[in-house]
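Participant: Okay, handing you the structure first.
The values are calculated or read from the model by the stated rules, or taken from the named source; none is laboratory data. The model shown is predicted, which means the values in this text are computed figures rather than measured ones. Glycine gets a Cβ as well: all are built from the backbone with ideal geometry, and neighbour counts include every protein chain shown.
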Amino acid sequence: MKTIVLTGASDGIGAAAAAQLAAAGHRVLMVGRTPAKLAAAAATAGVTEFFAADYATLDDVRRLAGDLRAAAPHIDVLANNAGGVFPGPEITPDGFERTFQVNYLAGFLLTHELMDILLESHGAVVNTSSVAARSGHLDLADIDARQHYTSMRAYGNGKLADVLHVRGLHARYHARGLGTVAFHPGVIASNFAAELRGPMAWLYHSPLRHLLTSSARGGATLAHFAGGTPDQTWTSGEYYHSDHHRGRTQAQAYDDAFLAQFWDKTNELLGLTDV
């Protein structure tokens, strides 16, 4: 049985994965933004441990980390699944563009705050990325894309950053026992684009949504990685296009020099130093 922290668990693939992982006998700690939705999802999943946090406020992420540390001194898996795409640019109270903060910076911060527990547990970090990372291109001078903002550019950048996060974690911590992986769960029929207007919102909320991947199927992919064993079920440091096949994404993800600069920039923005 693994102890699994699962963010973005109020609905969509997070809620589905939580139910599947709990049914398989794992201890699941669910994290979501909206307390009422989170409580309902936890009840459906048969999970009794759940924690509300708003990723648009980094102090909420720091508080969440403290709550998780108190509840689970041993963590086998941190599944950074929270994310979304939003109109904007919208600047959070922390001074970052919301889409980039919610999809990347908040998960990076939570991972850092739990790193000592993850290392002691010989744990794993599983990042939900997206095929949209292929359309991303990160500019260190405009890291959250606010200067030339479109919702999909910001989202693609955030999901590309999630792959870089996994690769950076692998480079720094795999020799100390940490496994890391990023994956594309499918184009999910969920509330993913609930706050958008225009063609993307129409796709996700029109009859065409029935052609998209179901939350149950996407949740099974997430559960496959979260419930698996690094370097047995999947290869650490890699990006997977599906639950069984490694894939390639945007070229920046494989540029080690850029990765080092991007990692340092992220630490600078968040005021962090590596564990």
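Participant: Considering only the stretch 215-229, I want to know if a residue exists there that is outside any helix (DSSP H, G or I) and either of a type in the set (Asp, Glu) or at pLDDT below 95 (or both).
Facilitator: Scanning the stretch 215-229, I find no residue that is outside any helix (DSSP H, G or I) and either of a type in the set (Asp, Glu) or at pLDDT below 95 (or both), so the answer is no.
Participant: Determine whether the stretch 192-205 contains at least one residue that is at pLDDT 50 or above, out of contact with any His (no Cβ under 8 Å at 6 or more places or on another chain) and over 28 Å from residue 90 (Cβ atoms).
Facilitator: no
Participant: Check off (1) within 17 Å of the chain's Cα centre (by Cα); (2) outside any helix (DSSP H, G or I); (3) within 26 Å of residue 223 (Cβ to Cβ) for residue 122 and give me the number that stays unchecked.
Facilitator: If we test residue 122 against (1) within 17 Å of the chain's Cα centre (by Cα); (2) outside any helix (DSSP H, G or I); (3) within 26 Å of residue 223 (Cβ to Cβ), just (1) comes out false.
Participant: Considering (1) buried (at least 17 other Cβ atoms within 10 Å of the Cβ); (2) assigned to a helix (DSSP H, G or I), say which one residue 236 fails and leave the rest.
Facilitator: Result: residue 236 fails condition (2) only.
Participant: I'm trying to understand the selection: among the residues of the stretch 65-113, which are more than 13 Å from the chain's Cα centre (by Cα), within 14 Å of residue 7 (Cβ to Cβ) and buried (at least 22 other Cβ atoms within 10 Å of the Cβ)?
Facilitator: 68, 75 - these are the residues of the stretch 65-113 that are more than 13 Å from the chain's Cα centre (by Cα), within 14 Å of residue 7 (Cβ to Cβ) and buried (at least 22 other Cβ atoms within 10 Å of the Cβ).
Participant: Can I ask one more? Please list, ordered by residue number, the strands (runs of 3 or more DSSP E) wholly in the stretch 1-98 having 1 or more residues that are touching a residue at least 24 places away in the same chain (Cβ under 8 Å) and within 17 Å of residue 215 (Cβ to Cβ).
Facilitator: Those strands (runs of 3 or more DSSP E) span 3-6, 27-32, 77-80.
Participant: Could you please let me know if residue 273 is of a type outside the set (A, V, I, L, M) and either part of a loop (DSSP other than H, G, I, E, B) or modelled with pLDDT under 95 (or both)?
Facilitator: The answer is yes for residue 273.
Rundown of residues vs (1) out of contact with any helix residue (DSSP H, G or I) (no Cβ under 8 Å at 6 or more places or on another chain); (2) of a type in the set (A, V, I, L, M, F, W, C); (3) under 22 Å from residue 32 (Cα atoms), yes/no style:
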| site | (1), (2), (3) |
| --- | --- |
| 101 | no, no, yes |
| 105 | no, yes, yes |
| 111 | no, no, yes |
| 119 | no, yes, no |
| 122 | yes, no, no |
| 127 | no, no, yes |
| 143 | no, yes, no |
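Listed here are the residues, each with its yes/no results for (1) more than 15 Å from residue 131 (Cβ to Cβ); (2) modelled with pLDDT of 95 or more; (3) of a type in the set (Gly, Ala, Ser); (4) buried (at least 22 other Cβ atoms within 10 Å of the Cβ).
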residue: 152; (1), (2), (3), (4): no, no, no, no
residue: 158; (1), (2), (3), (4): no, yes, yes, yes
residue: 172; (1), (2), (3), (4): yes, yes, no, no
residue: 175; (1), (2), (3), (4): yes, yes, yes, no
